[in-house]
Amino acid sequence: MARFLLMLSMQCSLFYSSISFAETLQAHWQMDEAQWNGRSGEVIDSSGFNNNGTAINGLSTSEGFVCRAGWFRGEGYNAAPNNAYYQARYYVAVPDNNSLSPLTDGAEAAMTISGWFRMDQSGGTLLHKGQGGSSQEYRVFIERNNLKLTVWNRYGGSETLTLNYGLSTGQWYYFNAVAERFNLFNLARLTLRLYRSGNDSLLASNSSLPFIDQTDKITDGDLIIGAVSYGGTPTNFFNGLIDELKVYSGLLSNAQILAEKNATRLCLGEAQCLTDDFNTGLSPDNWVTSRSSGSFTPQVVGGRLRMTEAVGNQATSATYQRLYPAANNLVVVEFDYYAWSSQGGTGADGVAVILSDASITPQPGAFGGSLGYAQKGAGTDCPNCPGFAGGWLGIALDEYGNFSRATEGRVGGPGFRPQSVSIRGSAAGNYQYLTGTGANLDPRIDVRGTTTAAPRHRYRITVDSRVAGQALVSVQRKTGSDFTDVIPEFNALAFAGQAPVPENFFLSFTGSTGGSNNNHELDNLSICALRSAPVGQQIDHFEFDYSGRALTCNPETFTVRACKNAACTELVTEAVTANLSPATIANGGWLGGNVINFSGGSTTVALRRSVVGSITIGVSGSVPTTRPLSQTLCRAGSGALTTAACSISFADSGLVFDVPDGIANQQTQNIVLSAVRKDDNSQQCVPQFANVSRDVAFWSDYIDPGAGRPVSWPVQINNTDVGLTEATQQSLSLNFNAQGQASFDLNYADAGQVQLNARYTGSAKTQDNGLVMNGADQFKRRPAGLCIQTGGECAAADASCGVFRRAAENFDLTISARAFAQGSTDICQNPVTPNFSLNNIAVTHQLLAPVNGTAGSIAVSQYQHQRAANSANIITQSVSEVGVFRFSTPALNYLGMADTIPAAGSAPTGRFIPQRFALNAGSAIAACASFTYFGQQGFSTAFTLQALNAAGAVTQNYRDAFARLDVSVWRDDTAEEGMRYSAPDLPAGSVLGEGAISPLGSWQNGVAQMTVSHYVSRPPLPAAPLDLTVYARPTDADGVSTDISALNSDPTTLRYGRLGMQNLAGPEDEPLPLVFAAEYWDGNDFLLNTLDSCTLISNSSALLTTISGSPELSLIGNSGLMQSGSLPGQALWLSPTGAAGFWQVEYTAAPWLQYYWRGATPNYQQNPSAEVMFGRFRGNPRQISWRELFQ
C-alpha cells in the first residue's frame, strides 16, 4: 500500500505575490474508514469542524495513496462473474457549514483545496460546493483530460481556470487549487498546481485574475465529493480514487504545499492502537510508576496522568507495560501535554518520552535538567548518577532548557535552550545530544500564572524502523488545527555511537522539577504500532542474601531469588536468565560470568573482589523481563531486605568456614574453620595464626524464616548450644593447626536457612590485642521427609478394611515435616521441624484397591505448608471414589538445595464407601401386557441403581468385594440390609413377594441395571383394580442407603380376576365348543376383562375334570389365548359321547383366576365348572329356569 499524502489545492493572489493569509484547516477527509455503508456522517472530517459526510449509493473505500481512499465508479461498471453492468453514481454528501465557505470571510479572503486523485476513466467532478443557481461556490473537475477550477460570483456567474496538462488514467496526481479575493474592484486570483506521485517537481501550473463579486453571496448549498449537483440529481460522476481532500481558509507556502504532498502517517488498519484517557484511574496491569526524588508518585488527577506536581525537586517515572519490537516496526506515540502553574516566572523542568531496551529493567536517570533520562557527573546534586537504564532515545519537552546543555555530565548539546524539544541518544553513546529545536518555541511549551490545566498541545512522536539500517524519528506538535513538524524526520542510527535498535522497546515517561517547577500532565495517550506484544510473565524483583562478612581473599557467596510478587512469597520457578551487575569489576568479578541461568526460583552465585571497599550489586536485566522500575533488594546476614544492603563491603582478614547444606538434626562433622588474612603479594588467604588454641565466639542468625518463627532453636557446635544473637554469643576453644585450621562439629535440628557467625577477638594475653576477625557462612537444612497421616490407615489395603469415610466426604489429611532420627524406620516417629514452610506442594493419590479401578479425584491437589510448632498442617481433603488409597507428595526442592526432600506417602487409607444410593425408576413389566392379576407370576420392574459419592457422582469402584449391597437376592422391607422392596398400597391380605425368577443384574462400575420379578398375592376377598408402584430402600452392609424410592415411573395395574365357563348343550354325536370368559372385579361387579389377551386355555385333557356323568369327557381342538377376555369360538371342544346325558365338568384354571364358585364355606381357590348336556332332542325339561351358579 502506498504511504504518501494525496492533496488537492486551490489558491488565489494579486499580481505576482499573494497577501499573507494565515492558513486554518477547515476540512480534512482522510477516507481511511475500512468501509462505508450509507450511515450518516461516516465519512469522517478530521479537522475538528465536524464536516462529516455520507457515502451515497453504495460508495466505499479501497487501497489509497495514504492508507485508504474513496472509490468512485462513475456512471457504472462491468464486473464478474458475467461481466454484467452495474450502475454506480457514487458520491459523498457533506452538509453545508460556514467553514466550507472560506472565500466569504471578508473582502480579503483566501481558500486552498488540496488532495490526491487517480482516474480510472477520464472526466468527472472531484468536489463541488453549491446546489445550483447563485448558491454555487466552487468546483474542481476534469474535462477533456484537463484539470479545471470554477468559482461562482454572487449572481450565479462563474469564472473557470483550466490547467492545460493532459491527465492520464491510472496515475496518482496531487493538486493544489487556490482562490484569493482582494478588496479592489472584486478582483480575484485563481491558481492551479499539479504534481505527480514520487516527484516534487511541478508538472504544470496556471493562474488567472478574474473579477468575482462575492459580496453577500449565498452559501447554503451542500458540498459533494465525486459529483456535481445544480439543484437536482447529481451528475458528472468521477471514476477513480480520491484521497486526503483538505479545505483550508488561507494560503500555504510552497514549502507547506510540498510538505502536505509528501506527508504520511500510520495506517490504523494495519496498526494496533492502544489508548488511555486516564478517566478510570491508572491501571496496574498497564502502568508501573515510581519516584526517585520527592514524595509524589505519578497518578491520575482530574482525569489526567500527573507526572509531577508544581513542587520543587520531584523526579518520577511511569512505564507502559507492553513490548514494542524495535526493528521493522512503526511506532507512533501521541498525547496531550499540560505544563502549568499558578505561579509566575520560569517553569521547570519538563517531561521526557523514553524508548529503552526492554531486556534491561527500566530505571530512571538523573533528575533536574537531565529530565530522568540523561546522566549527571561528579560534583553535581546527583553525583555520578547514571542515565536511564537501557535508554535508547529520550525526547525531552524541556521548559527550563538544561536538557540541551553539555553540563552536569551530559554529553553534547548546543547549550541552554528554554522552551524547546530536544532528543538525546542511547546509553551506549553516553546519552549524547542528537538534535532538537531552537529555544523559545511559539507557542510556549508551558503556561504560567494559570489555575487551569494548559496548554493542551498534542505531540506526535514517530519512530520508523521499517528500512534496515534506519530508525527515522520525528516529532510533531498540534497547537491549533493540524500537526506541524517540530523536529523533522531524521535517522537516529546515523549518529556515531548510537546503539542499534534493540529487540524490543519499553515506552516510559519521566517527569522532573528542580528549583523551578510546573504541574506536568499527560492525557489521551495513543500508542500505535505495526507490531507489539504483551509483556507476559514478569519477575517482580530480585533478592540477594549473603553473609555480610565478605573477604578480599575469598569469594563471597550469594543466594539469588527471582520473586514473583512484591512480598517474594512466590518465586518464578521457570527458567530464568539474569544479567548481574556490575557486568565487570576491577580487581574481581562474578565467578562463571555475570550472566546466570537457573530455574526453581533461586540459585547461588559467588563474587570475588581483591581490594578492600564496597561495591553495589544488582540485576540489570532478565528473561523473563523484570517489572519496570523495580529495585533489587539485598540482605546481609539476618538484616532487613533493603536496597542499601546491596552495597557489599570487603575486608582483608577474617574467619573462613563452609558449613555444607544437609538434613535437619543430622550432625555435620569436621567442619574446617580457617583464620586467614590476605597476603599482600599473592592476594590469597594465608593463616593468621597456627599451632595455637584460641577462643572463638559463635552465634547464629535466622535467614529463612527471618520472622514469624513458631520456635527458635539454637545451633549446636561440638554439642554445645550457641547463642541466637550476637549478644548471647558462646565462646568455644578451638585448636588451630599449622595451616591455621581448626575443626568443629555442627548440628541444627530444624529446617531453614541459618547463618553461623564466628568472631575472634584478640587480647593482650594472646599478644594480638585489637585484632578482630569475623566470619560467617549460611547453610540450609531440609526435613528428612514429610509424614502424611490420614486417621484411616489400614495395612490390609483391601476390601476387608473398615469404613473410614464416604467418597467425597471431607477428612483431615495431616502433613508434618520431620527431622532425621538415628535408626528410625518410621518418618512419623521422627522429631518435627517447626520452621519448615514451602508453597505449592503437590498432593496426589494412588488407588490401591480395587485393582484396575478408577482413581477418581481429590479435593486438594496443592497446599502451602505453613510453619507450626508441631509442624502439622491439616488439609481438608476428600477423594471422589470408593476403595483404599495412598496419599502422597513428590520430591521437593527446598530453598534451592541440590538435595531434595524425598517423596512421601501415607499408609494405605480406607475403606472409602459411597455416600448414598440413587435409584432411577424404570418401567413396570406387566404379566399380561398392560396389567397383572393379583397372584399372577411374571410381573417385574426394570430400574437402575447407582452408588454415589457425596457430590452426587457415580463411584465406579463400587463393584466386586467393594459392593456391599447384594442385588441378586430379593428382600422385603423387614430386612436390615438388601434391596428391601415394598408396596405399601396393596389391599389388606395382599403381600408383595419374590417372583419366580431371581433378580437379574449386578454391579458394574458403580451401576446396577436391574430387572426384578415380583409376586403380589391375591387378597382374601375380591379387590378393586389398583395402580401399583413398587418401592425399594436399598441398604448395604455398611449402612449406605437412600430414601425409599419408586422402582417404576408409571404405576402398573393390578386386577382381581377369575375364569368363567359357560353351560353347554348339543347333539350327542357332535363336539360341543367350550366357552371361557376372563373377568375382573371392578369394585362392584365382575366384568369381562377385555384387556386379557394373554391367558392360555390349554387343550390338555388333564386340565378337564368330569365331576358327574359318564363316561368322562375329554378335550379336542387347539390350545389358545384369550382375545379381549374370551376364548375365540370354535377353538376348543368337548368330544361327543355318542349317547345323550348330563355331565358336570371342571377346568383347572391358573391360581390367579380361581374363585369361590360353590359350597357353603368360602373358598376362593376353586376352578370354574359348567354343566353339559348331550342329546339332540331334549323334550320338556320340566325346568322353570336354568342358570350358572355364581357365588
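The values are calculated or read from the model by the stated rules, or taken from the named source; none is laboratory data. The structure displayed is predicted, hence computed values, not measured ones. Backbone-built Cβ (ideal geometry, glycine too); neighbour counts: all protein chains shown.
Figures for the structure shown
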item: Some residue of region 938-954 being of a type outside the set (A, V, I, L, M, F, W, C) and within 14 Å of LEU1028 (Cα to Cα); result: yes
item: Matching residues in region 1029-1055 - criterion: being of a type outside the set (S, T, N, Q), crowded, with 19+ Cβ neighbours inside 10 Å and at pLDDT below 95; result: LEU1047
item: Candidate set: region 850-868, residues that are within 28 Å of the chain's Cα centre (by Cα) and under 20 Å from VAL954 (Cα atoms); chosen: the one surrounded by the most Cβ atoms within 10 Å (Cβ to Cβ); result: GLY856
item: Scope region 1091-1116; condition surrounded by 14 or more Cβ atoms within 10 Å (Cβ to Cβ) and under 19 Å from ALA929 (Cβ atoms); matching residues; result: LEU1091, ASP1092, SER1093, CYS1094, THR1095, ILE1097
item: Residue count for region 880-905, restricted to those that are touching a Cys at 6+ places or on another chain (Cβ under 9 Å) and assigned to a loop (DSSP other than H, G, I, E, B); result: 0
item: Candidate set: region 335-349, residues that are over 12 Å from VAL447 (Cβ atoms) and modelled with pLDDT under 95; chosen: the one surrounded by the fewest Cβ atoms within 10 Å (Cβ to Cβ); result: GLY345
item: Conditions (1) in contact with a helix residue (DSSP H, G or I) (Cβ under 9 Å, 6 or more places away or on another chain); (2) at pLDDT below 95; number of the one not met by PRO850; result: (2)
item: Sole residue being under 37 Å from the mean Cα position of the chain (by Cα), under 24 Å from THR407 (Cβ atoms) and either part of a helix (DSSP H, G or I) or not aliphatic (A, V, I, L, M) (or both), chosen from THR510, THR435; result: THR510
item: Sole residue being on the phi < 0 side of the Ramachandran plot and at pLDDT below 95, chosen from ALA751, ALA738; result: ALA738
item: Tabulated pairs, region 1125-1152, first closer than 24 Å to TRP1081 by Cβ, second of a type in the set (Phe, Trp, Tyr), C-beta under 6 angstrom, 6+ apart or interchain; result: LEU1127/PHE1076; TRP1152/TYR933
item: Output for region 1149-1172, where each listed residue is surrounded by 14 or more Cβ atoms within 10 Å (Cβ to Cβ) and part of a loop (DSSP other than H, G, I, E, B); result: ALA1149, ALA1150, GLN1154, TYR1156, TRP1157, TYR1164, ASN1167, PRO1168
item: Qualifying residue in region 479-492 (condition: surrounded by fewer than 18 Cβ atoms within 10 Å (Cβ to Cβ), under 28 Å from the mean Cα position of the chain (by Cα), at pLDDT below 95 and under 30 Å from ASN262 (Cβ atoms)); result: no
item: Members of region 84-116 that are more than 10 Å from ASN239 (Cα to Cα) and either in contact with a His (Cβ under 8 Å, 6 or more places away or on another chain) or among the hydrophobic types (A, V, I, L, M, F, W, C) (or both); result: ALA84, VAL92, ALA93, VAL94, LEU100, LEU103, ALA107, ALA109, ALA110, MET111, ILE113, TRP116
item: Count of region 321-376 residues which are in a loop (DSSP other than H, G, I, E, B), among the acidic types (Asp, Glu) and out of contact with any Ser or Thr (no Cβ under 9 Å at 6 or more places or on another chain); result: 0
item: Pairs, first assigned to a strand (DSSP E or B) in region 1049-1061, second surrounded by 23 or more Cβ atoms within 10 Å (Cβ to Cβ) and among the acidic types (Asp, Glu), C-beta under 8 Å, six or more apart; result: GLY1057/ASP1092
item: Residue in region 310-320 that is surrounded by the fewest Cβ atoms within 10 Å (Cβ to Cβ), counting only those that are assigned to a loop (DSSP other than H, G, I, E, B) and in contact with a strand residue (DSSP E or B) (Cβ under 7 Å, 6 or more places away or on another chain); result: ASN313
item: From GLY952, GLY922, GLY938, residue being touching a Phe, Trp or Tyr at 6+ places or on another chain (Cβ under 8 Å), assigned by TED's automatic domain parsing to the domain that holds ALA1037 and under 30 Å from PRO1051 (Cβ atoms); result: GLY922
item: Boolean, ILE841 is at pLDDT 95 or above, closer than 28 Å to ASN665 by Cβ, assigned to a strand (DSSP E or B) and in contact with a Pro (Cβ under 9 Å, 6 or more places away or on another chain); result: yes
item: Region 293-309, residues that are hydrophobic (A, V, I, L, M, F, W, C) and surrounded by 15 or more Cβ atoms within 10 Å (Cβ to Cβ); result: PHE296, VAL300, LEU305, MET307
item: Residue in region 578-601 that is of a type in the set (Val, Ile, Thr), more than 16 Å from TYR546 (Cβ to Cβ) and assigned to a loop (DSSP other than H, G, I, E, B) present; result: yes
item: The lone exception for GLY198 - which of (1) more than 21 Å from GLY124 (Cα to Cα); (2) surrounded by fewer than 24 Cβ atoms within 10 Å (Cβ to Cβ); (3) over 52 Å from the mean Cα position of the chain (by Cα) it fails; result: (3)
item: Residues located in region 932-987, provided they are among the hydroxyl-bearing types (Ser, Thr, Tyr) and crowded, with 21+ Cβ neighbours inside 10 Å; result: THR932, TYR933, SER940, THR941, THR955, TYR958, TYR981
item: Checking VAL501 against (1) of a type in the set (A, V, I, L, M, F, W, C); (2) under 38 Å from the mean Cα position of the chain (by Cα); (3) under 30 Å from GLY449 (Cα atoms); (4) at pLDDT below 95, the condition it does not meet; result: (3)
item: Of all residues in region 158-195 being without any contact (Cβ under 8 Å) to a residue 40 or more places away in the chain and loosely packed, with under 14 Cβ neighbours inside 10 Å, the one that is farthest from GLY74 (Cα to Cα); result: PHE185
item: First in region 436-453 and within 10 Å of SER341 (Cβ to Cβ), second anywhere and among the charged types (D, E, K, R) and at pLDDT 95 or above, Cβ under 6 Å, 6 or more apart; result: ASP446/GLU399
item: Out of PRO1067, PRO1073, sole residue that is touching a Pro at 6+ places or on another chain (Cβ under 8 Å), assigned by TED's automatic domain parsing to the domain that holds PRO1128 and surrounded by 13 or more Cβ atoms within 10 Å (Cβ to Cβ); result: PRO1067
item: Selection from region 208-235 of residues that are in contact with a Phe, Trp or Tyr (Cβ under 6 Å, 6 or more places away or on another chain) and over 19 Å from ALA179 (Cα atoms); result: GLY226, ALA227, PRO234
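Yes/no per residue for (1) modelled with pLDDT of 95 or more; (2) in a helix (DSSP H, G or I):
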residue: GLN767; (1), (2): no, no
residue: GLN778; (1), (2): no, no
residue: LEU813; (1), (2): yes, no
residue: CYS828; (1), (2): yes, yes
